[in-house]
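The values are calculated or read from the model by the stated rules, or taken from the named source; none is laboratory data. Bear in mind that the values here come from a model prediction, so they are computed numbers and not experimental data. Don't worry about glycine lacking a Cβ; one is built from the backbone with ideal geometry, like all the others, and counts go over all protein chains shown. These area figures cover heavy atoms from the full protein model, side chains too; ligands, DNA and RNA do not enter into them. Shrake-Rupley method; radii C 1.70, N 1.55, O 1.52, S 1.80 Å.
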Amino acid sequence: MRIDPWSSAQYENYSRLREKFGIKEFGINEWGSLPNVPHLFRRGIIFGHRDFDRIKSAIEEKRPWALLTGLMPSGRMHLGHKMVIDQIIYYQSVGADIFIAVADIEAYATRGYSLEEAKKLAIEEYITNYIALGLKPCTIYFQSKNSDVKDLGYLLGKKTNWSEVTAIYGFNGSTNMAHVLSPLIQCGDILHVQMEKYGGARPTLVPVGVDQDPHIRFSRDIANAHRLFNVAVAKDGRVGIFVKTDENVSRLLDIAEEVAGKFNFGMKRMDSYKAIYLDGASKDEIDKIDIELASREQEEGSYGFVAPSSTYHRFMTGITGGKMSSSKPESAIFLTDTPEEAKKKIMSAKTGGAVSLEEQRKYGGKPEECVVYELFLYHLMEDDKELDEIYEKCKSGEQMCGTCKKRAVELMQSFLRQLGEKRESAKDRVNEYIDL
Ligand code: SF4
């Protein structure tokens, strides 16, 4: 089984994905202590993560951390795209340093858009909506205009090879070279925020849909491949800091000794193993040592990137079933749909209702199979109690699909109307986010 970031596959079995790819479950243990978490956390829509604990610890201790994600300017922005921006807005409120990549090179390489078309779509469809939804000023850039990103992507390519990328992405002899390079550009996106010029080595979160996990694994591998130190659990179960190169070993061990010495656990330096063993260091302490060592590596003129963390959200079901996708306009509710268009789509949506009203009164409906319920769950209902009520009334047969759809239509229309108004003023503020 392979995840293909460029296909339109739906990936429904999320626990299987977690198992197969070593993604951790994103439950209350992961985010429980954070303030005012978005409904996407509470409702299990964000279902998995890698190394989120680093981010949580940075938020709680008010240490610097970055968030980077990207948007592919192909097609119009729909509700499925809104989940990432809802998260970004939350993270912005708890201190993230936000970067958003416009993947215009990727849209060119893999979707056949010109850079000009991609630019127009990115601004009119995505960035304007992001601002209207409440994104505060942050860094948004185009891949094609950022030479740091492109250079870094190219240079990082030195420590990966064709076997690795074909194993991850399934490339073959007829894959075009721009497409072949696009994962490296995305790696450049993800890791450049840790270059000194952009804020230096620090935990970095990449919130994405699970189709992007191959890029996350690839970036993490590449980040680790360029490190001078590896802070890890050795084969014998002991935690240690290991020097990965053969040059300046004793100098590097001096640095590691100094960094680890700030903590209160036993240390044993063994130059012949190029290692310092740490006795009883906690996971959080190990992470802190790793982050500080990454900075020190940068001072030594090396890359020193902390392996990026990630979270994964579920995909929305399309109005007509399948995945919500801009290439199937009838499946998607676009943020620029008129209230009338949205109404028509919702009224035609696939529900979990029974075949007849009579049966539904008797046996109830199936909210877990209902696209209308999903609209409430993902977007229209902030209040958990109200949502529970819809669920229960559906299950018990107290509520029929007609009234339920009407409620969804009202909420959606008022959301779209307000967003449309905010978009008008957002248009004039795009230049506060991006150099045009
Ligand atoms: Fe869906 Fe509402 Fe019908 Fe239940 S009553 S199946 S939630 S539309």
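Among K158/K288; K56/K235; K145/K422; K119/K366; K344/K393; K20/K158, which pairs are too far apart, with a Cα-Cα distance over 31 Å? Walk me through the intermediate numbers first.
On the way: K158/K288 28 Å; K56/K235 28 Å; K145/K422 28 Å; K119/K366 42 Å; K344/K393 24 Å; K20/K158 28 Å.
Over 31 Å apart, Cα to Cα: K119/K366.
For the chain, set up a GNM with springs between Cα atoms under 10 Å and report which of L79, L34, L121 has the largest fluctuation.
Between L79, L34, L121, it is L34 that shows the largest mean-square fluctuation.
Could you please state how large a percent of the accessible area of the range 205-357 is carbon and sulfur, counting protein chains only and using a 1.4 Å probe?
On the way: 3230 of 6560 Å².
C and S atoms contribute 49 percent here.
If you place +1 on the Cβ of every Lys and Arg, -1 on the Cβ of every Asp and Glu, and leave all else neutral, what size is the dipole of the chain about its Cα centre, to the nearest 20 Debye?
700 debye
So between R251 and D384, what do we pick up on full extension, going 0.36 nm a residue minus the alpha carbon distance?
Working: separation 133, 0.36 × 133 = 47.88 nm, distance 5.55 nm.
Full-extension gain reported as 42.3 nm.
Suppose R0 equals 45 Å. What FRET efficiency, 1/(1 + (r/R0)^6) with r the Cβ-Cβ distance, do L436 and Y273 give to the nearest 0.05? Write out the running numbers ahead of the final one.
On the way: r = 54 Å, r/R0 = 1.20.
Using R0 = 45 Å, I get an efficiency of 0.25.
Once the Cα gyration tensor of the range 152-248 is found, what semi-axes does its equivalent ellipsoid get, as square roots of 5 times the eigenvalues, in whole Å, sorted largest first? Spell out each step's value before the answer.
Values: eigenvalues 132, 59, 42 Å².
Sorted largest first and rounded, they come to 26, 17, 15 Å.
Near the amide H of V231, under 5 Å away, which other amide H atoms are found, from residues 5 or more places off or on another chain, if H is placed in the peptide plane?
F242
Which value, in Å², gives the accessible area per residue of the chain when a 1.4 Å probe is used on the protein heavy atoms? Intermediate results must be reported in sequence, preceding the final value.
Numbers: 19840 Å² over 436 residues.
For the chain, the solvent-accessible area averages 46 Å² per residue.
Which FRET efficiency value, to the nearest 0.05, is calculated for L34 and L419 with the Förster distance at 35 angstrom and r the Cβ-Cβ distance?
On the way: r = 27 Å, r/R0 = 0.76.
Efficiency at R0 = 35 Å is approximately 0.85.
Just how much of D86 is accessible, in Å², when a 1.4 Å probe is used and the result is rounded to the nearest 10?
30 Å²
For the range 65-156, compute the orientation-averaged projected area of the C-alpha convex hull (one quarter of its surface), in nm².
Working: hull surface 24.8 nm².
Across all orientations, the range 65-156 yields a mean hull projection of 6.2 nm².
Can you tally the net charge around A294? Count Lys and Arg as +1, Asp and Glu as -1, for every other residue whose Cβ sits under 12 Å from the Cβ of A294. Before the final figure, lay out the partial values.
Working: positive: R54, R202, R227, K288, R296; negative: E196, D287, D290, E292, E297, E299, E300.
The answer is -2.
Taking the Cα centre of the range 229-299 as the origin and placing charges on Cβ (Lys, Arg +1; Asp, Glu -1), which of L252, Q298, I241 is farthest toward the positive end of the dipole?
With unit charges placed on the Cβ atoms, the residue in question is I241.
Using r as the Cβ-Cβ distance of T403 and T338, and R0 as 25 Å, what FRET efficiency do you calculate, to the nearest 0.05? Write down the numbers at each step before the final one.
On the way: r = 23 Å, r/R0 = 0.92.
Between T403 and T338 the formula returns 0.60.
Mind jotting down a quarter of the surface of the convex hull over the alpha carbons of the range 337-432, in square nanometres, one decimal? Kindly include the intermediate steps, with their values, before the conclusion.
Numbers: hull surface 27.9 nm².
Mean projected area for the range 337-432: 7.0 nm², to one decimal.
In the range 1-155, carbon and sulfur make up what percent of the accessible area (probe 1.4 Å)? Mind dumping the intermediate values first?
On the way: 3130 of 6400 Å².
The nonpolar share, carbon plus sulfur, comes to 49 percent.
Per residue, how big is the convex hull around the C-alpha atoms of the range 229-299? Give it to me in cubic angstrom, could you?
Details: hull volume 5.6 nm³, N = 71.
Cα-based convex hull of the range 229-299, divided per residue, equals 79 Å³.
If the convex hull of the alpha-carbon atoms of the range 165-314 is projected onto planes in all directions, what is the mean projected area in square nanometres?
10.9 nm²
Where in the chain are the DSSP H helices whose alpha-carbon span along the long axis reaches 20 Å or more and whose Kyte-Doolittle mean is at least -0.5? Intermediate values should be presented prior to the final figure.
On the way: long enough: 79-93 (22 Å, 0.13); 177-192 (22 Å, 0.91); 283-299 (24 Å, -1.29); 401-427 (38 Å, -0.77).
Helices meeting the criterion: 79-93, 177-192.
Along the charge dipole of the chain, Cβ charges K/R +1 and D/E -1, which of P73, L184, C138 sits furthest on the positive end?
P73
Can you compute the modelled spin-label distance between K283 and F265, with each label point 7 Å from Cα toward Cβ, in nm?
1.3 nm
Quick one: what Rg and Dmax do you get for the range 95-205 from the alpha carbons, in Å?
Looking at the range 95-205, its Cα Rg and Dmax stand at 15.2, 45 Å.
Given a cut-off of 40 Å, what percent of all Cα-Cα pairs of the chain lie beyond it? Show your work: numbers first, answer last.
Values: 22132 of 94830 pairs.
Percent of Cα pairs beyond 40 Å in the chain: 23.
Could you point to the residue in I55, L377, S396 farthest towards the positive end of the chain's charge dipole, with +1 and -1 charges on the Cβ of Lys/Arg and Asp/Glu respectively?
Toward the positive end, the furthest listed residue is S396.
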